[in-house]
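> I'd like to ask you about the structure that follows.
The values are calculated or read from the model by the stated rules, or taken from the named source; none is laboratory data. Every value quoted in this text rests on a predicted model; they were computed, and no experiment measured them. Here the Cβ is made from the backbone with ideal geometry for all residues, glycine too, and neighbour counts use every protein chain on show. Remember, those area values only see protein heavy atoms, side chains included, never the ligands or the DNA or RNA. Shrake-Rupley method; radii C 1.70, N 1.55, O 1.52, S 1.80 Å.
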Amino acid sequence: MHQCKEMNKVIFVNHQDFDNEAKMVEYDKKFDEYGFPVRDGGGSNVTINYCPWCGKKLPESKLDDYMAILETLDIYGIGDEKIPDELKRDDWWEKRLCNKEGK
Ligand SMILES: [Zn+2]
């Protein structure tokens, strides 16, 4: 997760503070994605790729990796009930992808 003081003041995780207007950035842990919540009642957000405060590039979204893994299991939707429990967890990518990136 991106660590910077300014963003940490206003970030919220996994929709928990979606209606709290003091929280400006939503972090989706499952896909390692950051976004500005769109508070029009729909619950969507606008993905951001760079930190608006310090300008650093944020981590790549894990959604493509996730879909690629699901495809190898013959699963083509993120709501599919055949998805193994391990892949339903928010931290599914920490083991798999950190090894790949050599971290
Ligand atoms: Zn930052």
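> What is the percent carbon and sulfur in the accessible area of the range 10-63, measuring with a 1.4 Å probe over the protein chains and ignoring ligands?
Here carbon and sulfur together make up 50 percent of the probe-accessible area.
> With the crude spin-label approximation of a point 7 Å out along Cα→Cβ, what separation in nm comes out for Glu6 versus Glu21?
Between Glu6 and Glu21, the simple spin-label model gives 2.2 nm.
> Mind pulling the angle between the C-alpha long axis of helix 63-72 and the longest principal axis of the chain? Nearest 10 degrees, somewhere in 0 to 90.
The angle comes out near 10 degrees.
> Right, here's the next one. So which of Lys23/Lys56; Lys5/Lys95; Lys23/Lys95; Lys5/Lys29; Lys57/Lys95 end up more than 24 Å apart by C-alpha?
Over 24 Å Cα-Cα: Lys5/Lys95; Lys23/Lys95.
> Of Asp64, Asp74, Asp40, which is the most mobile in a GNM of the chain whose springs link Cα atoms less than 10 angstrom apart?
Maximum among the listed residues: Asp40.
> For the range 1-65, run through the GluC sites (Glu not before Pro) and keep only the ones in DSSP coil with at most 14 other Cβ atoms within 10 Å of their Cβ.
Details: sites: Glu6, Glu21, Glu26, Glu33, Glu60; in loops: Glu21, Glu60.
Answer in residue order: Glu21, Glu60.
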